[in-house]
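Here the structure is laid out as structure tokens; the discussion comes afterwards.
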Amino acid sequence: MFISKFSRLGAHAIKDLVKARSITPRTSYVPAIQNSYSQALRHKSFCTTAEKVSEEGSEEKQNVSVTFVDKDGEEKNIKVPFGMSMLEAAHENDIELEGACEGSLACSTCHVIVMDVDYYNKLEDPADEENDMLDLAFGLSETSRLGCQIIAKPEINGIRLALPVATRNFAVDGYKPKPH
Amino acid sequence: MAIFGKLRWISRSFTSLPANPLRICVVGSGPAGFYTAEKILKAHKGVEVDIVDRLPTPFGLVRSGVAPDHPETKIVINQFSRVSQNDRCSFIGNVSVGSSVSLPELRQMYNALLAYGAESDRALGIPGEELGGVYAAREFVWWYNGHPDCRNLAPDLTSTDTAVILGQGNVALDAARILLRPTVELARTDITSHALDALEESSIRKVYLVGRRGPVQAACTAKELREVLGIKDVSIHVKQADLVTTPADEVEMKNNRIRRRVYELISKAASSGPSPPLPGQRELHFVFFRKPDRFLESDDRSGHVAGVHLEETTLEGDDLGKRIAVGTGIFDDISCGLVLKSIGYKSVAIDSLPFDHYKGIVPNVGGRVLSDSTGDLPQYETGLYVCGWLKRGPTGIIATNLYCAEETVASISEDIGKGVLTSNSSKPGREGLLQLLDSRNIRVVQFDDWEKIDAEEKELGNLKNKPREKLATWEELLQVASE
């Protein structure tokens, strides 16, 4: 029983690493894995892929504070290094943000809502390609963006991102069924 | 030999499960099936999920529907593969529910979740629909995407210069794009070689995309439209008169960002107008406010289509609901040798499954299947659920299934909580299914067998500078799977 628990931990951690690596990296990959599984496993011989980077001890501020708010209102605050996308950051921190196309601007599953319009305005305007995907996002709002296109930079320190609540209206073309 | 492998496979899945795991069989391995399986596995650590598909290859329309020149849309396969690799999940391919095993038999072995999509088509119901050269867009798409059921479709692309596509949704645009794109560009994609060969010989130079309603109602979305308007060496033709909007159109666009952006793209294309046609240039025509009345038969080639007889329409309806196209009695024709009907898919009913033939879905509430009973209170079929197109109808994108799966899994979780679904040992699950299939000489394809197919396709593709060369016949697929 114990052995199988360990193999599951290993599989889980390795899956996390594989998951993070499969996202198209827009920056240098910083393996700052925060969960306890990998910390436990760093001492174990079968986990050979986590490279300990000394950035965790560095005093220079090279990251921004980001808070994700899930559909139940639960908040999670994380540190995101400059240049990393919110999607990558979410996956590294076990935040449930889908990323079906892994950052290729071919889906809308990493849709997030920027909770403060001031922060929304600090972001660069979305390109046509992003707008095309946002068209299809569920629960689209005035301050919606794709998580894979929001890149950490000093100006957005403290940004709060809400994960959209699933709506019942599944129609892509915005067709609203007649009330009955 | 095969049985030993299967027994080993069964036993490895039980190392970390409780003694009597709840067993769920997901029928259909497309996005609906995989998103549901993923969510069930995550929400319930004591559940075992088997994903069954009638094809030897998983992933449903991600493999057989998404166009070859849209590889980024297929990246989600990575996520789905990880789900299959979960200890508590197994892919079981080459098993058709409804023929290899009946639904009642399956339900004796598992709680079942049907996510087998919509493998048939809406019919127009007009004369000439049976003529040669008239296909459902689904068949054409399956053909160029290497679905083994359409390997021998052999559409004739060399006896005509014109194709008419009925419908203006994203599938219609995909078909138009595959017919018009320079084949050197297609040669680098995972399009099947039998289709590429046919397209290289194709004499089709004009494609008409015909919609019953106007540009404001066109069912396509901005990205796909932008793409088709930008194909190299293709001139775009839109009648200025079709762009006139009514107040009702304005309301529709005001409320709907997608409609507005689609309309803007179409009107921009119309105003820039086609330059005088260059030699060898291909044409894409957007035809609005026309509904097909009948197909015209060729005089030279009996039994083959030679044109579409269209009736002009006008829109009726109020501002709030969907407006419908009504015929005006004015007709015209488009000559063509190929017609693709892209007017919607339709699900297939199977024995012992409640089915709403009008809507083409399984009657359900939140994914719980409703019984065929005629009583006052709705009765649910115990241990039977639906997700995806079979549940909602054939609309939406891959991501739509995320929310659909969430809803169905919430119903399942509620039922588990209420004790409606039992994990008693009387449901034999995978062993029962495999034994039954074995007794019927059905060779199942496991996920690592699919990986052999995957590796072979990539290797063959490598030789031709393509991401993969799909194995497009049942024989090849099953042979490689059993190596």
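Some observations on this one:
- When B:Arg257 is tested against (1) more than 30 Å from B:Leu463 (Cβ to Cβ); (2) out of contact with any Asp or Glu (no Cβ under 9 Å at 6 or more places or on another chain), just one condition goes unmet, and that condition is (2).
- Test: residue in segment B:464-478 that is in a helix (DSSP H, G or I) and open to solvent by less than 50 Å² (accessible area, probe 1.4 Å): yes
- Restricting attention to segment B:24-44, the residues being assigned to a helix (DSSP H, G or I) and not acidic (Asp, Glu) number 12.
- Lone qualifier among B:Gly146, B:Gly93, B:Gly117, B:Gly128 - being in contact with an Asp or Glu (Cβ under 6 Å, 6 or more places away or on another chain), crowded, with 19+ Cβ neighbours inside 10 Å and not hydroxyl-bearing (Ser, Thr, Tyr): B:Gly93
- None of A:Gly147, A:Gly139 is within 14 Å of chain B (Cβ to nearest Cβ), surrounded by 19 or more Cβ atoms within 10 Å (Cβ to Cβ) and either touching a His at 6+ places or on another chain (Cβ under 9 Å) or within 24 Å of B:Leu265 (Cα to Cα) (or both) except A:Gly147.
- Residue in segment B:372-383 that is at pLDDT below 95, in contact with a Pro (Cβ under 6 Å, 6 or more places away or on another chain), farther than 16 Å from B:Val47 by Cβ and more than 14 Å from every other protein chain (Cβ to nearest Cβ) present: yes
- Within segment B:45-70, the set of residues being more than 22 Å from B:Gly98 (Cα to Cα) and open to solvent by 10 Å² or more (accessible area, probe 1.4 Å) comprises B:Lys45, B:Gly46, B:Arg63, B:Gly65, B:Val66, B:Asp69, B:His70.
- Of all residue pairs spaced 6 or more apart or on separate chains, those with beta-carbon atoms under 6 Å, a first member in segment B:115-134 that is among the charged types (D, E, K, R) and a second member that is assigned to a loop (DSSP other than H, G, I, E, B) and open to solvent by 50 Å² or more (accessible area, probe 1.4 Å) are B:Glu119/B:Val348.
- Meets criteria (under 24 Å from the mean Cα position of the chain (by Cα), surrounded by fewer than 21 Cβ atoms within 10 Å (Cβ to Cβ) and of a type outside the set (Ser, Thr, Tyr)) for B:Ala175: no
- When B:Ile92, B:Ile126, B:Ile77 are screened for being over 28 Å from B:Arg440 (Cα atoms) and in the same structural domain as B:Gln435 (by TED's automatic domain parsing), only B:Ile77 passes.
- Within segment B:79-114, being within 14 Å of chain A (Cβ to nearest Cβ) and more than 24 Å from B:Asn364 (Cβ to Cβ) holds for B:Gln79, B:Ser81, B:Arg82, B:Ser84, B:Gln85, B:Asn86, B:Asp87, B:Arg88.
- The conditions of being buried (at least 19 other Cβ atoms within 10 Å of the Cβ), under 30 Å from B:Arg181 (Cα atoms) and assigned by TED's automatic domain parsing to the domain that holds B:Val210 are not met by B:Ile231.
Okay, residues lined up against (1) at pLDDT 95 or above; (2) open to solvent by less than 20 Å² (accessible area, probe 1.4 Å); (3) in contact with a Lys or Arg (Cβ under 6 Å, 6 or more places away or on another chain):
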site: B:Asp318; (1), (2), (3): no, no, no
site: B:Ile324; (1), (2), (3): no, no, no
site: B:Gly329; (1), (2), (3): yes, no, no
site: B:Leu338; (1), (2), (3): yes, yes, no
site: B:Val348; (1), (2), (3): yes, no, no
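- B:Leu384 falls short on exactly one of the conditions (1) buried (at least 20 other Cβ atoms within 10 Å of the Cβ); (2) within 28 Å of B:Ala176 (Cβ to Cβ); (3) not hydroxyl-bearing (Ser, Thr, Tyr), and that condition is (2).
- Residues in segment B:248-270 that are over 29 Å from the mean Cα position of the chain (by Cα) and free of Cβ contacts under 8 Å to residues at least 24 places away in the same chain: B:Glu250, B:Lys254, B:Lys268.
- Selected residue (only one of B:Arg226, B:Arg188, B:Arg181, B:Arg257 is open to solvent by 20 Å² or more (accessible area, probe 1.4 Å) and more than 30 Å from B:Lys470 (Cβ to Cβ)): B:Arg257
- Candidates are the residues of segment B:149-162 that are more than 29 Å from B:Glu476 (Cβ to Cβ) and of a type outside the set (Asp, Glu); the one that is surrounded by the fewest Cβ atoms within 10 Å (Cβ to Cβ) is B:Ser159.
- B:Val308 being open to solvent by less than 30 Å² (accessible area, probe 1.4 Å) and either in contact with an Asp or Glu (Cβ under 9 Å, 6 or more places away or on another chain) or away from every other protein chain (no Cβ under 14 Å) (or both): yes
- Checking each residue in segment B:400-433 for being among the polar types (S, T, N, Q), crowded, with 17+ Cβ neighbours inside 10 Å and either facing chain A (nearest Cβ under 10 Å) or within 29 Å of A:Glu98 (Cα to Cα) (or both) picks out B:Thr400, B:Asn401, B:Thr408, B:Ser411.
- Close contacts from segment B:338-366, counting a first residue that is free of Cβ contacts under 8 Å to residues at least 40 places away in the same chain and a second that is open to solvent by 20 Å² or more (accessible area, probe 1.4 Å) and among the charged types (D, E, K, R), with Cβ to Cβ under 6 Å and a gap of 6+ residues or different chains, come to B:Pro354/B:Asp372; B:Pro363/B:Asp356.
- Filtered residues of segment B:307-343 (kept if assigned to a loop (DSSP other than H, G, I, E, B), of a type outside the set (A, V, I, L, M, F, W, C) and touching a Ser or Thr at 6+ places or on another chain (Cβ under 8 Å)): B:Gly337
The values are calculated or read from the model by the stated rules, or taken from the named source; none is laboratory data. Keep in mind that this is a model prediction, so the values were computed, not measured. We place every Cβ from the backbone using ideal geometry, glycine too, and count neighbours over all the protein chains shown. Surface areas here come from the heavy atoms of the whole protein model, side chains and all, with no ligands, DNA or RNA. Shrake-Rupley method; radii C 1.70, N 1.55, O 1.52, S 1.80 Å.
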